[in-house]
Amino acid sequence: MPSETKCEDTKGSHTSRAYQKPYRYCIFCRKLWSKLRIHIEKMHKNEERVSKALQMEKHERDKTFGEFRREGIFELNKIRLRKNPENPKLERERRKDTNENDRVVMCHLCKAFIEKRYISRHEKKHCDTSDAACKSTPVPANMLNVGDHEFGGDFMKEILSKFREGENKDVYNTCTTDIVLLQVGKKLWNKQKRKVDKKNEVRKSIMSDMRRLASLYSNMKKAEETMGQLPVKDGNISDMFKRNNFRHFEEAVDMYTKVDISEGIEEVGVKAGLKVALYYLLKRTSKILRGMYLIDDEDKKSNDIANWVVILEINKDMIFGDAEYNLSKNREDKLRRPQTHPEEEDLQKVRSYTMKKISELGVLSSEVFDKHDFVELRDCLVSRLTLFNARRGGEPSRLKLKNWEEAHTGAWLDQRHVNNLDPLDRALAKTLKIGYETGKGGRHMQLVPVLFPQDCIVGLRRIADNNVRRQCEIPDTNLYLFPTKFDHVSGWHAVKNVCKKLTLKHADKITATQNRHRISTEFALMDVSPYDRDYVYKHLGHTEEVNRNVYQAPLSIKALTVVGRRLQALDRGRNRKLKKNRQSKK
């Protein structure tokens, strides 16, 4: 059994010093020693790893003994977390008098325990190793007690380690320690992580789902203050999926999704988007819980979840009906109004600015071109492609280098068909390049096209150049065309960064979504054949019905000119007949 017995070395401990080195945990004999290296060299020299280390050069030997010390700290912290998960006394690389465990994090690459404020400095230690292209993810030390095997690996690195305590400590604790919520999050992660080209979006989506479930559960516990204790209580999020607790659940949904319209007014509004999203999240979570209980041979719990879903469906209109109504009303009253579309003058300013900057930075000398130029060129290219193609904000920004290479080499075009085009279309095919990437959707996901105008080519060549990317410290393992250091840029932020540099009438209207509304409305007003119109819908990534009922603004001009003209004609014709009848009677 592991022991925390402190053992002195033969040379004494020098207790008279103002600073006393901490005792370190030996991974071979599982005891604490004041001089760990001397102890290992003398007492464990016959161990295979130790004997190999003693034959190494000094630099490598020091590095190996540092790993022994680090492994010991890791094992000792796990032991202390199991014994006292609420307030463990954690060891770290450098000893401090304070023991603020919430500031201690673990580097997932080398399992070193250090203070959070030093994690950036610690990352530099990996720059000269094979881990140079890996991001050192700081894992909060108190998360080690959630299970090394079940919730470790990618789920720990990409999901659990990203949670931050923030303002609501109860939600943070639920997200990182609630065993049922962790199992649900792990299932969602395993299901979604196959979308390797949408890794960042998947991570944010799963973390958001876990926070929402934790927040709802937190409000359910608050409801106990006014409604009394829960009839059935297990102390985790599964309490929300019990029939006996449904009244508390209803109150929790109301508390979580209500919002004051304005200060000093007692009227209460509702966060419609959150409430509707919560309904579908609860349905998905209930399926996951049923599957988990069936696997564990707990049929009664599984049947209880099924009965809870029946009650949820019966009460759906009463609980979530107001949110669905508000969403539909907002879509019709606000989102589809032409006044919400970007101003044409503003769009032309953005277009001119991005084209000018791309042409300047695309030919800038390599000796002068630096990180700041790289970021500005990247933002201009993402903004130009997003607005030109009327794409969703996250689509051009996550293009891969291979998508651009395929477009640049014409991999998606059959040259025989290009040669058979009429002269005008053939000239157009030479000024545009086309590539494809995965669009929105799950099981029925489709490839959506991205058109590259001629004015972007020089900038795309520069930003895809390996030497330029290395010069700007982009790792070779980052395969995104528009990269940050370890990921891809946010399309929304790229567009906003460009707009901030210009004087625009309504910069807040220039978003990918509002631009799609604008393009959809403009295409609807064009005299385009149904055959060509269908290709426009395919480019936008939706159907004619979605375009008409969601994106496209009501065609008020057509209603005035086409319908109004005929109604007036009918109205005048009817008036003439009435006049003739009156005259004939006289």
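The values are calculated or read from the model by the stated rules, or taken from the named source; none is laboratory data. Remember, predicted model here, so these are calculated numbers, not experimental data. All Cβ positions, glycine included, derive from the backbone under ideal geometry; neighbour counts span all protein chains shown. Each accessible area value is taken on the protein alone, full model and side chains, heavy atoms only, with ligands, DNA and RNA left out. Shrake-Rupley method; radii C 1.70, N 1.55, O 1.52, S 1.80 Å.
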Checklist entry - With all protein chains present, how much of the accessible area of region 378-509 (probe radius 1.4 Å) comes from carbon and sulfur, to the nearest whole percent? => result 54
Checklist outcome for this item: Using alpha-carbon positions, the gyration tensor of region 439-532 gives root eigenvalues a ≥ b ≥ c; with a/c under 1.5 called rounded, otherwise prolate if a/b exceeds b/c, else oblate, the class is prolate
Item to check | Nitroxide proxy distance, nm - points 7 Å out along Cα→Cβ at LYS191 and CYS29 | outcome: 5.2
Checklist entry - Label points 7 Å out from Cα along the Cβ direction at HIS506 and ARG121: separation in nm? => result 5.1
Checklist entry - Looking at region 342-383, which GluC sites (Glu not before Pro) are in a loop (DSSP not H, G, I, E or B) and have at most 12 other Cβ atoms within 10 Å? => result GLU367
Item to check | Exceeding the 19 Å Cα-Cα cut-off - candidates LYS169/LYS191; LYS349/LYS509; LYS191/LYS538; LYS116/LYS162 | outcome: LYS169/LYS191; LYS191/LYS538
Checklist entry - Where the centre of each part is set by its Cα atoms, how far does region 444-500 sit from region 160-194, in angstrom? => result 31
Checklist entry - What whole number of Å gives the distance from the Cα centroid of region 273-312 to the Cα centroid of region 408-441? => result 48
Checklist entry - Can you work out ³J(HN,Hα) from phi for every residue in region 500-516, in order, using Karplus 6.51 cos²θ - 1.76 cosθ + 1.60 and θ = phi - 60°, giving whole Hz and x for Gly and Pro? => result 5, 8, 10, 8, 10, 5, 9, 5, 5, 7, 7, 10, 4, 5, 5, 5, 5
Checklist entry - At ALA427 and LEU451, where each label point lies 7 Å from the Cα along Cα→Cβ, what is the point-to-point distance in nanometres? => result 1.6
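Please tell me the relative contact order of region 364-438 in percent, rounded to the nearest whole number, where contacts are Cα pairs under 8 Å and at least six residues apart.
Working: 28 pairs, mean separation 20.5, N = 75.
The normalised contact order for region 364-438 reaches 27 percent.
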Checklist entry - How many angstrom lie between the C-alpha centres of region 324-385 and region 30-51? => result 61
Checklist outcome for this item: At 4 °C in a medium of viscosity 1.567 mPa s, region 338-448 has a Stokes-Einstein diffusion coefficient, with Rh taken as the Kirkwood radius over alpha carbon pairs, in µm² per second, of 78
